[in-house]
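Undergrad: Let me begin by handing over the structure; questions about it come next.
The values are calculated or read from the model by the stated rules, or taken from the named source; none is laboratory data. Model, not experiment: these values are computed from the prediction. Methodologically, a virtual Cβ is constructed for each residue, glycine included, from the backbone with ideal geometry; neighbour enumeration extends over all protein chains shown.
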Amino acid sequence: MSFNTGSRDSGLLDQIDHFVVIMLENRSFDHMLGFLYTDQNNISPLGHAFEGLTGEESNLNSRGEAVTVFKIPDDKHPYFWPGSDPGEGYNNTNSQLFGNYRTPAKGTKAGNSGFISDFAYTLNWQRQDNEKKPGSWPIVEGTTEESIMGMYTPQLLPVLSGLAKGYAVCDHWFCSVPTETLPNRAFVQMATSLGRLNDHDKRYNAPSIYNLLEQAQLSWSIYGYEDEPILTRQSLQALPEKPEYGSFGNFAAFKRAATDGTLAHYSFLAPEWGSKGNSQHPNYDVAKGEQYLYEIYQALQSSPHWQKTLLIITYDEHGGNFDHVPPPENAKQPHDCPDNMGFNFQRFGVRVPTVLVSPLIEAGTVLRIPEPDTDLYGNSQAPTAFDHTSILATVEKRFKLSPLTTRDAAAPDIGPVLTLTTARRDDPLKNVVVPKSEALPVLEGNSDWSKADHLQQAEASLASQLPVEGDYHSHYQGKGQDDESEVKRYSRYRYHHYYYGQYKKENS
């Protein structure tokens, strides 16, 4: 049977002093980990049930033929699947789950049968865009609507899969809202998206986990990769202006903190966006994300804080990639999260990969919430599912912090995953060879990799709102065709000049 947990069983949570969260981009559970235990009949070495793939899951293509899930071939640029960026917005997600873009009636059972048809629709308009404006969308040559049914194997993802097997995997972890990136990243920080269902609004004025930690005089850090976390920092308007216990840095700063024993109580890591980055956003190089995860793990395992650290690896949303498990409909709607487009924030988003890493976790653990109980009258009492606010619930429980909204107040914590009273000394990744892509795949004729992606453009838009004297470019005019390197330079210029100017004023 699975290793189930109730929401209030603390396990050994009081042994954890340092939480490290890395949130990657736009991959579903089946897409990344569905084949994890298929060869063991979806049973972990501990005897825990695992809701992975059997190989029989399918969708119909445009010719009415059933296309089953398949293993991504390792000889066809495997780290750039599904070959283009699938639709990830609210309407796309409805189409993928229910076969129609409109908000379904309450209680409508998701069939998860629209992934191929929605990818076909997306590929069609992307190719039309490329005809009108060459370079709008990078599409790998040979990409078809059926490509969306390609799934990674443990052999292709030895780092993520090695950590999932070597520690714990959550096979019923859902993103917080059935839509794209920024609303889900809002939920992992604030337990609300303020009613937003898209990436158009980039600034959120609500208290976050960092405000709670600051008030409790607990240390926190937010890290970007090459540079400081522009998108995360600028999107959270309620962050303390002059934090006494918080800091911002890049990945090199995170590694130094891990090595020298100065890890914060709570660290949040953001990857590098864009086609050259390591976010694993489709259709960018997944192997770079594997390298990133490996470096995070290595830094923590060599840290003097290792025995008191819990690493949480998750993805903000599914990114349009196939998953076969229907999302539950018992999410708690935050009071500051009003209905939008007929959606009441009581249905979770699609299942995403989440892996928990600590020397207090037994290898082969599959963590999930218990099956629904029934009361004396036969009424079902289903517990709330794991979602991104379970991270908040866990940190709040460990440090005795108040919840931010009704969502994290109801979320189950992950403390029960910690079952070992003596820390392990083995290394599940000891003999792992981290994958590397040798070359970029050939793109369709009107494609290229030069365009800044929407998160880089979001960074630039937020940076443009910083009051910088004598700036380079007075205002960002993002038109969707900006060169990636130019957009990065613009964002970093404004960000650093603004905060350097603030530092000079405060210390003059």
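Undergrad: Look at GLY64 and say whether it is touching a residue at least 40 places away in the same chain (Cβ under 8 Å) and assigned by TED's automatic domain parsing to the domain that holds ILE116.
TA: Working: touching a residue at least 40 places away in the same chain (Cβ under 8 Å): no; assigned by TED's automatic domain parsing to the domain that holds ILE116: yes.
Spelling it out, it is not the case that GLY64 is touching a residue at least 40 places away in the same chain (Cβ under 8 Å) and assigned by TED's automatic domain parsing to the domain that holds ILE116.
Undergrad: In the list ASP74, ASP30, which residue meets the criterion of being closer than 26 Å to GLY142 by Cα and under 22 Å from the mean Cα position of the chain (by Cα)?
TA: Working: ASP74 fails: under 22 Å from the mean Cα position of the chain (by Cα).
That would be ASP30, the only listed residue that is closer than 26 Å to GLY142 by Cα and under 22 Å from the mean Cα position of the chain (by Cα).
Undergrad: Inspect segment 431-442 for any residue being of a type in the set (A, V, I, L, M) and either part of a helix (DSSP H, G or I) or closer than 30 Å to SER219 by Cβ (or both) and give the result as yes or no.
TA: Residues of segment 431-442 of a type in the set (A, V, I, L, M): 432-434, 439-440, 442.
Now restrict to residues that are either part of a helix (DSSP H, G or I) or closer than 30 Å to SER219 by Cβ (or both): none.
The answer is no, given that none of the residues of segment 431-442 is of a type in the set (A, V, I, L, M) and either part of a helix (DSSP H, G or I) or closer than 30 Å to SER219 by Cβ (or both).
Undergrad: Considering only residues that are farther than 13 Å from LEU197 by Cα and outside any loop (DSSP other than H, G, I, E, B), which ones fall in segment 335-356?
TA: Of everything in segment 335-356, those that are farther than 13 Å from LEU197 by Cα and outside any loop (DSSP other than H, G, I, E, B) turn out to be ARG351, THR354, VAL355, LEU356.
Undergrad: Which one is surrounded by the fewest Cβ atoms within 10 Å (Cβ to Cβ), of the residues in segment 357-369 that are touching an Asp or Glu at 6+ places or on another chain (Cβ under 9 Å) and not in a loop (DSSP other than H, G, I, E, B)?
TA: Our first condition is that a residue be touching an Asp or Glu at 6+ places or on another chain (Cβ under 9 Å); within segment 357-369, this holds for 359, 363, 366-368.
Remaining after also requiring not in a loop (DSSP other than H, G, I, E, B): 366-368.
Values: VAL366: 27, LEU367: 24, ARG368: 21.
In this case the residue turns out to be ARG368.
Undergrad: Still on this structure, I have one more. For the list (1) touching a residue at least 12 places away in the same chain (Cβ under 8 Å); (2) not in a helix (DSSP H, G or I), I need the number of the one condition that ASN92 fails.
TA: With (1) touching a residue at least 12 places away in the same chain (Cβ under 8 Å); (2) not in a helix (DSSP H, G or I) applied to ASN92, the lone miss is (2).
Undergrad: Sticking with this structure for a sec: Has segment 315-322 got at least one residue that is within 30 Å of THR259 (Cα to Cα), touching a strand residue (DSSP E or B) at 6+ places or on another chain (Cβ under 9 Å), of a type outside the set (D, E, K, R) and in contact (Cβ under 8 Å) with a residue 60 or more places away in the chain? Let's see the steps before the verdict.
TA: From segment 315-322, those within 30 Å of THR259 (Cα to Cα) are 315-316; that's our starting set.
Now narrow it down to the ones that are touching a strand residue (DSSP E or B) at 6+ places or on another chain (Cβ under 9 Å): 315-316.
Then keep just the ones that are of a type outside the set (D, E, K, R); that gives 315.
Within this subset, residues satisfying the condition of being in contact (Cβ under 8 Å) with a residue 60 or more places away in the chain are 315.
Taking every residue of segment 315-322 in turn, at least one turns out to be within 30 Å of THR259 (Cα to Cα), touching a strand residue (DSSP E or B) at 6+ places or on another chain (Cβ under 9 Å), of a type outside the set (D, E, K, R) and in contact (Cβ under 8 Å) with a residue 60 or more places away in the chain.
Undergrad: Select from segment 74-87 the residues that are at pLDDT 95 or above and part of a loop (DSSP other than H, G, I, E, B) and list them in ascending order. Outline the logic, then answer.
TA: Step one: filter segment 74-87 for residues at pLDDT 95 or above, giving 78-87.
TRP81, PRO82, GLY83, SER84, ASP85, PRO86, GLY87, listed by residue number.
Undergrad: Could you please find all residues in segment 117-127 being under 22 Å from the mean Cα position of the chain (by Cα) and either of a type outside the set (Phe, Trp, Tyr) or assigned to a loop (DSSP other than H, G, I, E, B) (or both)?
TA: Scanning segment 117-127 gives ASP118, THR122.
Undergrad: Among the numbered conditions (1) in contact with a Phe, Trp or Tyr (Cβ under 6 Å, 6 or more places away or on another chain); (2) surrounded by fewer than 20 Cβ atoms within 10 Å (Cβ to Cβ); (3) not in a loop (DSSP other than H, G, I, E, B), tell me where ALA409 comes up short.
TA: Against the list (1) in contact with a Phe, Trp or Tyr (Cβ under 6 Å, 6 or more places away or on another chain); (2) surrounded by fewer than 20 Cβ atoms within 10 Å (Cβ to Cβ); (3) not in a loop (DSSP other than H, G, I, E, B), ALA409 comes up short only on (1).
Undergrad: Moving on to the next point. Would it be correct to say that PRO327 is in contact with a strand residue (DSSP E or B) (Cβ under 6 Å, 6 or more places away or on another chain), at pLDDT below 95 and in the same structural domain as GLN215 (by TED's automatic domain parsing)?
TA: Details: in contact with a strand residue (DSSP E or B) (Cβ under 6 Å, 6 or more places away or on another chain): yes; at pLDDT below 95: no; in the same structural domain as GLN215 (by TED's automatic domain parsing): yes.
For PRO327, the condition - in contact with a strand residue (DSSP E or B) (Cβ under 6 Å, 6 or more places away or on another chain), at pLDDT below 95 and in the same structural domain as GLN215 (by TED's automatic domain parsing) - is not met.
Undergrad: Here's a check for you: in segment 4-36, which residue that is among the hydroxyl-bearing types (Ser, Thr, Tyr) and under 21 Å from PRO326 (Cα atoms) is modelled with the highest pLDDT? Steps first, please.
TA: Looking only at segment 4-36, we keep the residues that are among the hydroxyl-bearing types (Ser, Thr, Tyr), and these are 5, 7, 10, 28.
Going one step further and asking which of them are under 21 Å from PRO326 (Cα atoms), we end up with 5, 28.
Values: THR5: 45, SER28: 98.
Ranking the candidates gives SER28 first.
Undergrad: Go through segment 249-274 and report how many residues are buried (at least 20 other Cβ atoms within 10 Å of the Cβ) and of a type in the set (Gly, Ala, Ser).
TA: Restricting attention to segment 249-274, the residues satisfying the condition of being buried (at least 20 other Cβ atoms within 10 Å of the Cβ) are 251, 254, 257-258, 263-264, 266-274.
Checking which are of a type in the set (Gly, Ala, Ser) leaves us with 257-258, 264, 267, 270, 274.
Total satisfying the criteria: 6.
Undergrad: Would you mind finding the one in GLN217, GLN189, GLN237 that is at positive phi and out of contact with any Pro (no Cβ under 6 Å at 6 or more places or on another chain)?
TA: Numbers: GLN189 fails: at positive phi; GLN237 fails: at positive phi.
After ruling out the rest, the residue left standing is GLN217.
Undergrad: Then there is this: Is it fair to say ASN184 is at pLDDT 95 or above and part of a helix (DSSP H, G or I)? Steps first, please.
TA: Working: at pLDDT 95 or above: yes; part of a helix (DSSP H, G or I): yes.
For ASN184, the condition - at pLDDT 95 or above and part of a helix (DSSP H, G or I) - is met.
Undergrad: Does at least one position in segment 155-168 carry a residue that is outside the structural domain of LEU462 (by TED's automatic domain parsing), out of contact with any Asp or Glu (no Cβ under 9 Å at 6 or more places or on another chain), of a type in the set (Lys, Arg) and surrounded by fewer than 20 Cβ atoms within 10 Å (Cβ to Cβ)?
TA: Residues of segment 155-168 outside the structural domain of LEU462 (by TED's automatic domain parsing): 155-168.
From what's left, out of contact with any Asp or Glu (no Cβ under 9 Å at 6 or more places or on another chain): 161-165.
Now drop any that are not of a type in the set (Lys, Arg), which leaves 165.
Keeping just the survivors that are surrounded by fewer than 20 Cβ atoms within 10 Å (Cβ to Cβ) gives none.
No, because not a single residue in segment 155-168 is outside the structural domain of LEU462 (by TED's automatic domain parsing), out of contact with any Asp or Glu (no Cβ under 9 Å at 6 or more places or on another chain), of a type in the set (Lys, Arg) and surrounded by fewer than 20 Cβ atoms within 10 Å (Cβ to Cβ).
Undergrad: What's the total number of residues in segment 198-242 that are surrounded by 22 or more Cβ atoms within 10 Å (Cβ to Cβ) and either of a type in the set (Asp, Glu) or part of a loop (DSSP other than H, G, I, E, B) (or both)?
TA: Total satisfying the criteria: 3.
Undergrad: Do we find a residue being of a type in the set (A, V, I, L, M, F, W, C), part of a strand (DSSP E or B) and touching a helix residue (DSSP H, G or I) at 6+ places or on another chain (Cβ under 8 Å) anywhere in segment 155-166?
TA: Taking segment 155-166 and keeping what is of a type in the set (A, V, I, L, M, F, W, C), we get 156-157, 159-160, 163-164.
Narrowing the set further to residues that are part of a strand (DSSP E or B) leaves none.
Scanning segment 155-166, I find no residue that is of a type in the set (A, V, I, L, M, F, W, C), part of a strand (DSSP E or B) and touching a helix residue (DSSP H, G or I) at 6+ places or on another chain (Cβ under 8 Å), so the answer is no.
Undergrad: Let me ask something else. Can TRP137 be described as of a type outside the set (Lys, Arg), assigned by TED's automatic domain parsing to the domain that holds GLY64 and in contact (Cβ under 8 Å) with a residue 60 or more places away in the chain?
TA: Working: of a type outside the set (Lys, Arg): yes; assigned by TED's automatic domain parsing to the domain that holds GLY64: yes; in contact (Cβ under 8 Å) with a residue 60 or more places away in the chain: yes.
Considered against the rule, which asks whether it is of a type outside the set (Lys, Arg), assigned by TED's automatic domain parsing to the domain that holds GLY64 and in contact (Cβ under 8 Å) with a residue 60 or more places away in the chain, TRP137 comes out as yes.
Undergrad: Of all residues in segment 315-373, which are among the hydroxyl-bearing types (Ser, Thr, Tyr) and over 30 Å from ILE296 (Cα atoms)?
TA: If the condition is that a residue be among the hydroxyl-bearing types (Ser, Thr, Tyr) and over 30 Å from ILE296 (Cα atoms), then no residue fits.
Undergrad: Please tell me if VAL286 is surrounded by 24 or more Cβ atoms within 10 Å (Cβ to Cβ), of a type in the set (Val, Ile, Thr) and in contact with a strand residue (DSSP E or B) (Cβ under 9 Å, 6 or more places away or on another chain). Step through it out loud before you land on a result.
TA: Values: surrounded by 24 or more Cβ atoms within 10 Å (Cβ to Cβ): yes; of a type in the set (Val, Ile, Thr): yes; in contact with a strand residue (DSSP E or B) (Cβ under 9 Å, 6 or more places away or on another chain): no.
No: the conditions fail for VAL286.
Undergrad: Just the residues that are more than 18 Å from TYR315 (Cα to Cα) and not in a loop (DSSP other than H, G, I, E, B), please, taken from segment 31-51.
TA: Listed by number, the residues that qualify are THR38, ASP39, GLN40, ILE43, ALA49.
Undergrad: Quick check: is even one residue across segment 99-108 at pLDDT 95 or above, surrounded by 23 or more Cβ atoms within 10 Å (Cβ to Cβ) and in the same structural domain as MET32 (by TED's automatic domain parsing)?
TA: Looking through segment 99-108, none of the residues is at pLDDT 95 or above, surrounded by 23 or more Cβ atoms within 10 Å (Cβ to Cβ) and in the same structural domain as MET32 (by TED's automatic domain parsing).
Undergrad: Show the residue pairs that are 6+ apart or on different chains and have beta-carbon atoms under 9 Å apart, the first residue being within segment 28-45 and at negative phi, the second being at pLDDT below 95 and assigned to a loop (DSSP other than H, G, I, E, B).
TA: SER44/SER2
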